[in-house]
Amino acid sequence: MLKEILEKRLAALDISKYELAKKLAAKRGKDKPTDVSKLVGKCFGEPDNRRYTDLAELIELMGGEVVVRWHSVEENVVSTPKAS
């Protein structure tokens, strides 16, 4: 399900995984998108098997946020820094 959510967002933004890799590389201070393109591909290919921090970073770069909701518990909201 997460894979489909990520793919739909990428399509809605009308950007490629490579363009997302360019944003991630710039954010991480890498010289080339190819330094992170394999990571981006793996996050989209098998998101359930990726590190939380990598997925959260990509989600934020696509204008989203990660939300955890516990059922039958008072709701608390913690904001993460917005991606630039």
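Some observations on this one:
- Taking packing as the residue-averaged number of other Cβ atoms within 10 angstrom, the listed peptides 57-64, 2-9 run from highest to lowest as 57-64, 2-9.
- Residue-averaged [θ]222 nm for the chain, counting only DSSP H segments that reach four residues, each worth -39500 (n - 2.57): -17000 deg cm²/dmol
- The gain in end-to-end length when the Thr34 to Ile5 segment is fully stretched comes to 8.1 nm, 0.36 nm per residue minus the alpha carbon separation.
- In the chain, the inverse of the mean reciprocal separation of distinct Cα atoms equals 13.7 Å; this is its Kirkwood hydrodynamic radius.
- Projecting the Cα atoms of His71, Ala26, Leu2 onto the dipole axis of the chain, where Lys and Arg carry +1 and Asp and Glu carry -1 at the beta carbon, places Ala26 farthest toward the positive end.
- Positive minus negative residues near Lys22 (Lys, Arg vs Asp, Glu; Cβ under 12 Å): +3
- Cβ-placed point charges (K, R +1; D, E -1), dipole of the chain about Cα centre in debye, nearest 20: 400 debye
Read-outs: derived from the displayed coordinates by stated rules, not from any lab. Since we're looking at a predicted model, the values are computed, not measured. A quick note on method: Cβ atoms are made from the backbone with ideal geometry, for glycine too, and the neighbour counts reach across all protein chains shown.
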